[in-house]
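Have a look at the structure below before the remarks.
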There are 2 protein chains.
Amino acid sequence: MASQTEENYLKSLFNMANEAGEVNISELAQQMQVSMPTVNSMVKTLQKNGWLIYEKYKPVILTSEGKKEAALVIRKHRLTEMFLVNKMGFGWEEVHEIAEQIEHIHAPKFFERMDEMMGHPTVDPHGSPIPDKLGRIQEVNYSTLSQCKTGQLVVLAALTNSSTEFLEFLNSRELNLGKELKILSKESYDQSMVVSFKDHASETLSEKVCDRLLVRVVG
Amino acid sequence: MASQTEENYLKSLFNMANEAGEVNISELAQQMQVSMPTVNSMVKTLQKNGWLIYEKYKPVILTSEGKKEAALVIRKHRLTEMFLVNKMGFGWEEVHEIAEQIEHIHAPKFFERMDEMMGHPTVDPHGSPIPDKLGRIQEVNYSTLSQCKTGQLVVLAALTNSSTEFLEFLNSRELNLGKELKILSKESYDQSMVVSFKDHASETLSEKVCDRLLVRVVG
DNA sequence: CAATTTTGTTAGATAGTTCTAACTTTTTAC
DNA sequence: GTAAAAAGTTAGAACTATCTAACAAAATTG
């Protein structure tokens, strides 16, 4: 069984892996907010425990067991976030830090019960997919709002970034998942976009914001 | 802030303290399932951090800060147990191990929300009092069923032991908190008691069981 | 391609929590 | 009131997760 620290490394590795499934030591050190020697010794431990493959001066690669373990921690995290929002009344901007702790609880029944109570949700409050009990994650590919064209009708489905500040920004504009947006125009100078809500006035969104909004095109 | 290990020591110390508030090193070692040298070094740490008073070869005594810290961990434990039973449908025999982990979560809002959702409960599913936000614990003094006399009418209010096995025994007899029992007789040979339930046949309970049932006398 | 920068490794140290072995103090019991 | 038992302490070690300093390899860049 992975320690809490190991679980956090696995989670980061899972989230950072590129197409080749590789992650550099320095990237991981930055992500984990520890020094490179710390990562160096930890990847040796993780390799010893079978979670990843590591060779001197090479990027690390998760094994399939490592990926599964990581996905199961992410499952606990995302189920918890969903539970906190749907069953306990928290805002989507409040749940990350709490879930960051609860994801390390070893109590299968507890997470099973959450899952049942919510009717087996497939995404968390930020639209990220919840891996299944076997650690399989169903990838959905949304477009960023930036990639959409003027005139398109889209539904806000997920976020590429879920920082508290961004979530609070979205709250202030009443931009929540499921919101239908019509793209009125795109400013070629700064890539900002003007969108209208179903029943509201129109709103201008900066490129930075548009890059972080994942949408499903519906018309 | 106390570490998870420190919190566990404080909790045990709080629960084990006698009238004088004293706990021996060997008792604590047994309770915590570690060696005496481990306890010795940990009580030095706990003293350094202001949680208790310790002198060589003397029993240890919690400071008021130590008591408060312990009570707040116990509060989180008991609120969690109550939440698991009342809001998530767990049985009272299933919740201890889960609460044992969740009690170490640092997220005041999370426990506040549980407390609110349950309408500020004062006891946990086993009848133990839930300390308030300031760590104050309201002591109630029930009698054990053993101490009661033939003919008395009592209500099951709490337990002196909440082991899974005992709770499963109580489940098998449909003995839950709030149950009204009439004491029909007491066997002087082995101190076993015959009680009748409101709407059931009578049942014989051994001394061991009667010692572990805390009741409120109602008639 | 050689110099510099970036990335990664090794060595050695620290802090927390635990252990065993050996020793000391306190308590118990004849 | 001494001898044995129980309780407690010290010393020294291990393991996990971290650090800094120093060095080495790989990548970048003029």
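The values are calculated or read from the model by the stated rules, or taken from the named source; none is laboratory data. Note that the coordinates shown come from a computational prediction; the quantities given were computed from them, not determined experimentally. Here Cβ is always computed from backbone atoms with ideal geometry, including for glycine, and neighbour counts include all displayed protein chains. The protein model used for the area step is the full one, side chains on, heavy atoms only, and it has no ligands, DNA or RNA in it. Shrake-Rupley method; radii C 1.70, N 1.55, O 1.52, S 1.80 Å.
Checking each residue in the range A:79-108 for being more than 8 Å from chain B (Cβ to nearest Cβ) and of a type in the set (Asp, Glu) picks out A:GLU81, A:GLU93, A:GLU100, A:GLU103. If you go through the range B:94-115 and pick out every residue that is under 11 Å from B:PHE83 (Cβ atoms) and without any contact (Cβ under 8 Å) to a residue 24 or more places away in the chain, you end up with 4. Residues of the range A:35-55 that are part of a loop (DSSP other than H, G, I, E, B), open to solvent by 40 Å² or more (accessible area, probe 1.4 Å) and not polar (S, T, N, Q): A:GLU55 alone. Go through the residues of the range B:140-157 one by one and say whether even a single one is touching a residue at least 24 places away in the same chain (Cβ under 8 Å) and in contact with a Pro (Cβ under 9 Å, 6 or more places away or on another chain). No, the range B:140-157 contains no residue that is touching a residue at least 24 places away in the same chain (Cβ under 8 Å) and in contact with a Pro (Cβ under 9 Å, 6 or more places away or on another chain). Mind counting the residues in the range A:1-37 that are within 14 Å of another protein chain (Cβ to nearest Cβ) and either within 17 Å of A:TYR57 (Cβ to Cβ) or within 15 Å of DNA strand C (Cβ to nearest atom) (or both)? Adding up the residues that qualify gives 3.
Has the range B:172-188 got at least one residue that is surrounded by 12 or more Cβ atoms within 10 Å (Cβ to Cβ), touching a strand residue (DSSP E or B) at 6+ places or on another chain (Cβ under 9 Å) and closer than 27 Å to B:ALA70 by Cβ? Checking the range B:172-188: at least one residue is surrounded by 12 or more Cβ atoms within 10 Å (Cβ to Cβ), touching a strand residue (DSSP E or B) at 6+ places or on another chain (Cβ under 9 Å) and closer than 27 Å to B:ALA70 by Cβ. The test for being open to solvent by less than 20 Å² (accessible area, probe 1.4 Å) and under 16 Å from the mean Cα position of the chain (by Cα) does not hold for A:ILE105. Cβ separations smaller than 8 Å between residues 6+ apart or across chains give the following pairs from the range A:3-15 residues that are at negative phi and more than 8 Å from DNA strand D (Cβ to nearest atom) to residues that are of a type in the set (D, E, K, R) and open to solvent by 20 Å² or more (accessible area, probe 1.4 Å): A:GLU7/A:GLU69; A:LEU10/A:GLU69; A:PHE14/A:LYS67.
Taken together, the criteria place B:SER192 among residues that are more than 27 Å from B:LEU10 (Cβ to Cβ), among the hydroxyl-bearing types (Ser, Thr, Tyr), surrounded by 15 or more Cβ atoms within 10 Å (Cβ to Cβ) and modelled with pLDDT under 95.
List pairs: first in the range B:158-171 and farther than 19 Å from B:ARG78 by Cα, second surrounded by fewer than 14 Cβ atoms within 10 Å (Cβ to Cβ), Cβ under 6 Å, 6+ apart or cross-chain? Taking only residues 6 or more apart or on different chains, not a single pair turns up.
Examine the range A:56-67 for a residue that is crowded, with 21+ Cβ neighbours inside 10 Å, of a type in the set (Phe, Trp, Tyr) and at pLDDT 95 or above, and state whether such a residue exists. No - not one qualifying residue is present in the range A:56-67.
Look at (1) open to solvent by 20 Å² or more (accessible area, probe 1.4 Å); (2) under 17 Å from the mean Cα position of the chain (by Cα) and you find that A:GLN30 fails only one, number (2).
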